[in-house]
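Contents: one structure, followed by commentary.
None of the figures in this text is laboratory data; all of them are computed from the coordinates on show. The shown structure was predicted, so the numbers you read here are calculated from the model rather than taken from an experiment. Cβ: placed from backbone, ideal geometry, glycine included. Neighbour counts: every protein chain shown.
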Amino acid sequence: MSWFSPARYVSSVERIDLDALWASGKRAILLDRDNTLVPRDRKDAPASVAAWLDHARELGFELIMVSNNWHKSHVSRSARELKMDYISFACKPLPYAITAGMRRLGAKPEEAVMIGDQLYTDVWGGNFAGIDTILVKPQTAVDLWYTQIFRIFERRALRHVACEE
């Protein structure tokens, strides 16, 4: 594992094969909110994401949302609708909220995976916490102004990383 690259890069969260993830020994999924589960320009997750999360729970996965979003009301609303615990204002890429999420789920690092749409927050944070990471393409081009700047550098850093469609 590279400290600065995801273990996998996929086109969307729903494209992640949960059965294969379970078979690989993963039992806990930590998920980013904005542009991973919920498009940045909407308040609700798409039905396909909710169905994917329902399947994860059916398989036995423990789930928690770990979001850098400082609007606790937005994060808690989404977490409630998607039936999971949450941590807001996580300060990723610092690993503390991710390790706290693993503790809440009772998961060891080898059993956990962090899934998010940003290389410099979600992937680096998960890697620094010692867990596998899966990068997903953002659900929409709408982003905060500073995230748009990071996306420029992110595209350059990912130019040699193949995305699984």
Original post:
Around G125, what is the net charge, scoring Lys/Arg as +1 and Asp/Glu as -1 over all other residues with Cβ under 13 Å from its Cβ?
Top reply: -3
Original post:
Could you give the dipole magnitude of segment 36-165 about its Cα centre, charging the beta-carbon of Lys and Arg +1 and that of Asp and Glu -1, in debye to the nearest 20?
Top reply: 460 debye
Original post:
Spin-label point model (7 Å from Cα, Cβ direction): what's the H74 to D44 distance in nm?
Top reply: 1.8 nm
**OP:** Tabulate in residue order the Karplus-calculated ³J(HN,Hα) for segment 108-120, using 6.51 cos²θ - 1.76 cosθ + 1.60 with θ = phi - 60°, rounded to whole Hz; enter x for Gly and Pro.
**Re:** 8, x, 6, 9, 10, 9, 9, 10, x, 9, 10, 4, 7
Original post:
Remind me, what semi-axes does segment 8-157 give for its equivalent ellipsoid, largest first in whole Å, using sqrt of 5 times each Cα gyration tensor eigenvalue?
Top reply: 21, 17, 15
**OP:** Pull up the cross-link candidates among the aspartates and glutamates for K83, meaning alpha carbon to alpha carbon under 12 Å and not fewer than 8 places away within one chain.
**Re:** D54, E62
